[in-house]
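Read-outs throughout are calculated quantities, based only on the coordinates presented, and are distinct from any laboratory measurement. Source: prediction; values computed, not measured. Heads up, the Cβs are rebuilt from the backbone with ideal geometry, glycines too, and the neighbour counts pull from every protein chain shown.
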Amino acid sequence: MRCNEAPGSTPRPANPLELFWACNNLALQGFGGVLAVAQRELVERKRWLTREQFVEMLSISQILPGPNIVNLALALGHGYFGLRGAFAACAGLLALPLLIVLILAALYSEFAHEPMLAGALRGMGAVAAGLVLATAAKLASTLKVNPLGLPLCLGLAGLALVAIAWLRWPLVAVLGLLGSAAVALAWSRLAR
């Protein structure tokens, strides 16, 4: 999917440098959970993507190897400016946070034994989980236009949850089975 399919129809970054700074801003706002921030910034604030485009890019990003948000940034950058845009978006997303993580890792090795630090990290984990759930709820409206329809999408999500959380199936197996089934169903419905 190209982000610039209809020039002038929606806002877009002016150049790769603007894309770099936007991705840098995403990374610094969403430390520990960039996905919720990315959806808010790219869809609601900047309007560079529609909700449907965001969900489509995110879906593709999730099945590719590597971090979802990095894959999403690469796809976004490539969609607007080709290879230069992909590099700009990825660099913006990773450069400054990498430096911060290196500094924090050095500090953590000094203070890892502090109980207050362990409690703070547990609290941050809960907040990150809440952000992911809030983003999922916000994007659920896009399932209404999905070729599978809302009930089947929710059913497949429920099956995935059961397979991973309760049956302890490996993610690769769940993606292979349920993902292939979902693609086949969507393909057959689109062919009609």
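Side notes on the structure shown:
- Ordering 116-129, 64-77 by mean Cβ neighbour count within 10 Å, with the highest value first, yields 64-77, 116-129.
- Placing unit charges on the Cβ atoms only, positive for Lys and Arg and negative for Asp and Glu, gives the chain a dipole magnitude near 560 debye about its Cα centre.
- Under the simplified labelling scheme, the I103-A126 pair shows an inter-label distance of 2.8 nm, with each label point 7 Å from Cα along Cα→Cβ.
- Relative contact order [Cα under 8 Å, 6+ residues apart], the stretch 46-192, whole percent: 13
- Among the chymotrypsin sites (Phe, Trp or Tyr not before Pro) within the stretch 27-81, those in coil by DSSP and having at most 14 neighbouring Cβ atoms inside 10 Å are F31.
- Packing-based order for 133-141, 21-29, using average beta carbon neighbours within 10 Å, highest first: 21-29, 133-141
- Quick note on the stretch 9-62: its Rg to Rh ratio, both from C-alpha atoms and Rh being the Kirkwood radius, is 0.95.
- Estimated purely from DSSP H runs of n ≥ 4, each contributing -39500 (n - 2.57), the mean residue ellipticity at 222 nm for the chain is -22500 deg cm²/dmol once divided by its residues.
- Three-way shape label, the stretch 31-101, alpha-carbon gyration tensor, a/c 1.5: rounded
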